[in-house]
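Encoded as structure tokens, the structure appears first; notes follow it.
The values are calculated or read from the model by the stated rules, or taken from the named source; none is laboratory data. Here the structure is a predicted model, which means the values were calculated and not measured. Here the Cβ is made from the backbone with ideal geometry for all residues, glycine too, and neighbour counts use every protein chain on show. The protein model used for the area step is the full one, side chains on, heavy atoms only, and it has no ligands, DNA or RNA in it. Shrake-Rupley method; radii C 1.70, N 1.55, O 1.52, S 1.80 Å.
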Amino acid sequence: MKGEFDIFDIYHGLERNNVMLLFKGELTPDLINSILHIVEEKMNRSDTNLKIRKKVFNILVECLQNLYHHNQIKSSDIDANSDFPAGMVMVAEDDDGYSIMTGNFIASEVVSSLQKKLEEINDLDREGLKALYSKILDNGEMTKKGGGSLGLIEIARKSGEKLEFGFAPLNNMNNFFSLNVKVNH
Amino acid sequence: MEDIRIQGTPKTPTVNFISSEGLLEIKGRSIPENSIEFYKPLIDWIESYAQQPNDSSNVNIQLEYFNTSSSKCILDLFKKLEAINKSITINWYYEEDDEDMLEAGEDYEAIINIPFKMIEVEEI
């Protein structure tokens, strides 16, 4: 059976890109445990060194918790049958190292402030990120959902690479936010 | 005062706070979604302990992973320890080659007015 949506093609696509894990759906604390466990086990079986494995794990923890806390959609104009807000997370390996990619829904009114935060982070070097991290750690307000932009700063520090991100408008109220974090060998 | 003994889980650390020995130990992983819930009782315990501390206190932080949600709670915990006016050391353990964990300890050392001892171990 060959339709326009062929699971075998998707499988090959994932294999070609060395995707270790792909998840789409609503995250729960138990699911986060399982995802972390799967990725950790796969990395332990690879010849990746401890330092890189720890970076990937740490970044994945922050990414999953960002998805868990911040995935939201303003509902009035969304089809009630859809399974929004489904977040996505993908971990892939290539010759350079690992990529941790996430996608989630955010309200249009927070796009510009999030974009500004990410650009500020990308403008900083290692020392700048360290200083900003310590400043927010010491002075920043902490809520149940976390510590402001501490998670994103930590992701950038652990990665050592610039954060790749994008916003795709879904309608006038909602955007799909994608983030790609690289950890190179 | 009553000791705290908590078994670790995949997301929360093992905790041993034993007042008679002046031992405060946090080991394992600290990556819960909501860290405040976990750390509040520990911070409260230190507040009481600081009123009648041992002549010397050893704080052993031996974490394999901690998330940013825990990092603020750990700082709050250290800030409560600053009130102890007797001998106290924070022993910060990190796994061989784990420079990120060493640097995380140094971040705290720069903020907290308590002597830190950085201890490299083969495995956490």
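Remarks
- Out of B:Glu120, B:Glu109, sole residue that is more than 9 Å from every other protein chain (Cβ to nearest Cβ), at pLDDT 95 or above and part of a helix (DSSP H, G or I): B:Glu109
- Test: residue in the stretch B:57-65 that is open to solvent by 30 Å² or more (accessible area, probe 1.4 Å), away from chain A (no Cβ under 14 Å) and free of Cβ contacts under 8 Å to residues at least 40 places away in the same chain: yes
- Tally, over the stretch A:44-62, of residues that are away from every other protein chain (no Cβ under 11 Å) and closer than 20 Å to A:Asn104 by Cα: 1
- When A:Ile153, A:Ile136 are checked against the criterion of being part of a helix (DSSP H, G or I), within 11 Å of chain B (Cβ to nearest Cβ) and open to solvent by less than 10 Å² (accessible area, probe 1.4 Å), A:Ile153 stands alone in meeting it.
- Considered as a group, the residues in the stretch B:43-53 that are more than 14 Å from chain A (Cβ to nearest Cβ) and of a type in the set (A, V, I, L, M, F, W, C) include one that is least open to solvent (accessible area, probe 1.4 Å), and that residue is B:Ile46.
- Lone unmet requirement of (1) surrounded by fewer than 17 Cβ atoms within 10 Å (Cβ to Cβ); (2) in a loop (DSSP other than H, G, I, E, B) for A:Ile52: (2)
- Boolean, A:Lys158 is assigned to a loop (DSSP other than H, G, I, E, B) and either touching a strand residue (DSSP E or B) at 6+ places or on another chain (Cβ under 9 Å) or modelled with pLDDT of 95 or more (or both): no
- Check on A:Val19, within 14 Å of chain B (Cβ to nearest Cβ), in contact (Cβ under 8 Å) with a residue 24 or more places away in the chain and among the β-branched types (Val, Ile, Thr): no
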